[in-house]
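J.: I'd like to ask some things about the structure below.
The values are calculated or read from the model by the stated rules, or taken from the named source; none is laboratory data. Note that the structure is a prediction, hence the values are computed from the model and not measured. Reconstructed Cβ throughout: ideal geometry from the backbone, glycine too, with neighbour counts over all protein chains shown.
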Amino acid sequence: MAGSMVAIPAFAQEAAAAATMTDSGIRGLAAAITISVAALGGALAQGRAASTALDGIARNPAASGKIFTPMIIGLALIESLVIYALIIAFQLV
């Protein structure tokens with residue numbers, strides 16, 4: 001009976017040690033935050049860019065050729081930033 005009472009605190013210390021944040025856990029959390037913020041920012045920026053470009057095309061259909069190409073280039077640059085964040089997130093983990 002006394003032996004089981006002595007073992008209980010040892011099990012509690014083991015559980016507390018398992019619950020602490022490790023270096024890999026912090027890196028995983030940093031990677032998750034990095035890609036989520038990048039995806040959120042990229043999605044908002046792409047939506048705003050497409051909305052503004054299509055609004056300009058709707059107001060002046062003759063300028064669609066001059067608006068469409070820079071919009072596609074801008075969307076590609078925005079998406080490249082999200083891809084760079086994904087690469088950094090993979091390197092963190």
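J.: Can you tell me which residue among V6, V37 is at pLDDT below 85 and among the β-branched types (V, I, T)?
T.: V6
J.: Output the residue which, of all residues in the range 55-85 that are within 27 Å of the chain's Cα centre (by Cα) and buried (at least 16 other Cβ atoms within 10 Å of the Cβ), is nearest to I35 (Cα to Cα).
T.: Selected residue: A85.
J.: When you look at G47, is it part of a helix (DSSP H, G or I) and surrounded by 15 or more Cβ atoms within 10 Å (Cβ to Cβ), yes or no?
T.: no
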